[in-house]
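The values are calculated or read from the model by the stated rules, or taken from the named source; none is laboratory data. All values reported here derive from a predicted model rather than from experimental measurement. Using ideal geometry, Cβ is built from the backbone for each residue, glycine included, and neighbour counts are taken over all protein chains shown.
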Ligand SMILES: NC(=O)c1ccc[n+]([C@@H]2O[C@H](COP(=O)([O-])OP(=O)(O)OC[C@H]3O[C@@H](n4cnc5c(N)ncnc54)[C@H](OP(=O)(O)O)[C@@H]3O)[C@@H](O)[C@H]2O)c1
C-alpha cells in the first residue's frame, strides 16, 4: 500500500484534533503538514493547540511547526482535510482546490454548491461521480472540494437512507436533537450557560438538517452535472445539552407508500451496508447501523454508545409505531467522528479507491 501524505487545515481546533487522533493510527495516510491561523503558525503544535482529546497528543505531531493555510506550503500533500472555521474556509479551500490539491471539508461553505458533493461516507458515496463535472468546469486535473455534512445531519441520514433503500421514498420527517457541546468547537458554549441546563437554540443548525438530508438522500442527475434533491419534507428542532461528545436525535418518519412494520425496519437497519463496505475501506464500520431492541429500552446513550465501531457507526433504538407519523426512533452519532473528521477520512478512503486521489 502506498502511504499518502496529507495536510490538516484548522489542525488546532476541535475537528482538527480529532483528525490528528484518527490519522495517527491510519495505515494509508500520513500527516505531513498542519495548518491554522496566523495566531498559531510558526509555533510548535504542542504550543499552539489546546489539546482536549482523551488520547495523548502524538509525539511526532507535538513537535511539528504549524503552517499558514497557504497551498504552496502543502505541495507534498495528496489531500487536505479541512476543519476550518467557516468564516475563513470559503477562500482558503478554494485556493487549495485551484492548486490541484483535493479538499475534504467539514465547513458549511460549499455544501450547497451545485457541483460539490455533500457526502456522508456510509450513505451516498456515489455522489463522488459529480467531481468530474466540478473539475471540468474549473479546468482542474486533480483538485476538487467534497464536503461532509453537519454533525447532527449525519446521525439522522444514515438510518433514513437504510429505510429509503428498503421501503421507498420518505414523505416527511421530524427531528429533535440533543447535541453535545464539542459540536460548538472550543471554547464553545460557556460552562455557566450549559451546566444544569438545556439551550434550545443552535444558530443555523435546524436549516442545515432540513436541507442537507434532501441533498444527501437525493440522486445525481443522469448526465452527472449535479444533484436532484428528494421531495422529503424535514422539520428540525435543535438543543444543546451538557454532553461532551455524541449527538442524540428523536426522529419520526412518514413514508410515501405503505408503512413497514417495526420488525421490517429493524431488519433493514441491521442488514444495511454501504459502498465503503463493498470497497473494503479501512475505516468503514462493519455494520453501519447498530440496533438496540426492546431488551435495551434505554439505549442508545452518548456515554455508552458513541464509540460504536470507533465512532463510525450510528446507533438506533426505541423503534416503535407513531400515532401521527408511521414510526419513531432514537439515533446517536459521534459528532466529531462520523459527524466530522471521521467522515472526511472515510470519504478520502473511498475517493482513493475510486481513483480520484
Ligand atoms: N465540532 C463539530 O462537531 C463539528 C462537526 C461538523 C462540522 N464542524 C465544522 O468544522 C469546522 C471546525 O469546527 P471546530 O469545532 O473544530 O472549530 P474550532 O475548534 O473553533 O477550530 C477552528 C479552526 O480554524 C482555525 N482558524 C480560525 N481562523 C483561521 C484563519 N483565519 N485562517 C486559518 N485557520 C483559521 C483555527 O486555528 P487557530 O487555533 O489558529 O485559531 C482552528 O484550527 C467548522 O466549520 C464547523 O462548523 C464542526
Top-ranked residue of segment 38-57 - restricted to ones that are within 23 Å of the chain's Cα centre (by Cα) and surrounded by 15 or more Cβ atoms within 10 Å (Cβ to Cβ), ranked as nearest to the ligand (Cβ to nearest atom): 49
Every residue from segment 15-37 that is within 13 Å of the ligand (Cβ to nearest atom) and either in a loop (DSSP other than H, G, I, E, B) or surrounded by fewer than 16 Cβ atoms within 10 Å (Cβ to Cβ) (or both): 37
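Got at least one residue in segment 73-85 being closer than 29 Å to residue 210 by Cβ and either surrounded by fewer than 24 Cβ atoms within 10 Å (Cβ to Cβ) or more than 15 Å from the ligand (Cβ to nearest atom) (or both)?
Among the residues of segment 73-85, at least one is closer than 29 Å to residue 210 by Cβ and either surrounded by fewer than 24 Cβ atoms within 10 Å (Cβ to Cβ) or more than 15 Å from the ligand (Cβ to nearest atom) (or both), which makes the answer yes.
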Residue count for segment 300-316, restricted to those that are in contact with a strand residue (DSSP E or B) (Cβ under 8 Å, 6 or more places away or on another chain) and either at positive phi or surrounded by fewer than 24 Cβ atoms within 10 Å (Cβ to Cβ) (or both): 5
Residues of segment 246-265 satisfying the condition of being at negative phi and crowded, with 22+ Cβ neighbours inside 10 Å: 247, 248, 249, 251, 253, 265
Index of the failed condition, residue 354 passing every other in (1) surrounded by fewer than 24 Cβ atoms within 10 Å (Cβ to Cβ); (2) under 21 Å from residue 6 (Cα atoms); (3) within 16 Å of the ligand (Cβ to nearest atom): (3)
Test result for residue 199, in contact with a helix residue (DSSP H, G or I) (Cβ under 7 Å, 6 or more places away or on another chain) and either over 18 Å from residue 151 (Cβ atoms) or away from the ligand (no atom under 14 Å from the Cβ) (or both): yes
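Conditions (1) buried (at least 24 other Cβ atoms within 10 Å of the Cβ); (2) modelled with pLDDT of 95 or more; (3) within 25 Å of residue 208 (Cα to Cα); (4) within 10 Å of the ligand (Cβ to nearest atom), marked per residue:
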residue: 59; (1), (2), (3), (4): no, yes, no, no
residue: 63; (1), (2), (3), (4): no, yes, no, no
residue: 69; (1), (2), (3), (4): yes, yes, no, yes
residue: 98; (1), (2), (3), (4): no, yes, no, no
residue: 110; (1), (2), (3), (4): no, yes, yes, no
Given (1) away from the ligand (no atom under 16 Å from the Cβ); (2) on the phi < 0 side of the Ramachandran plot, number of the condition residue 89 does not satisfy: (1)
Hey, residue 177 away from the ligand (no atom under 15 Å from the Cβ), over 24 Å from residue 34 (Cα atoms) and touching a helix residue (DSSP H, G or I) at 6+ places or on another chain (Cβ under 8 Å) or not: no
Tally, over segment 138-176, of residues that are touching a strand residue (DSSP E or B) at 6+ places or on another chain (Cβ under 7 Å), in a helix (DSSP H, G or I) and within 15 Å of residue 260 (Cα to Cα): 6
Tally of residues being within 13 Å of the ligand (Cβ to nearest atom) and assigned to a loop (DSSP other than H, G, I, E, B) across segment 1-14: 4
Failed condition for residue 187, given (1) within 26 Å of residue 115 (Cα to Cα); (2) within 15 Å of the ligand (Cβ to nearest atom); (3) not in a helix (DSSP H, G or I): (1)
Selection from segment 203-213 of residues that are touching a strand residue (DSSP E or B) at 6+ places or on another chain (Cβ under 7 Å) and buried (at least 18 other Cβ atoms within 10 Å of the Cβ): 205, 206, 209, 212, 213
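How many residues does segment 122-141 hold that are away from the ligand (no atom under 16 Å from the Cβ), farther than 13 Å from residue 94 by Cα and touching a residue at least 12 places away in the same chain (Cβ under 8 Å)?
12
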Which numbered condition residue 340 misses (of (1) farther than 30 Å from residue 193 by Cα; (2) not in a strand (DSSP E or B)): (1)
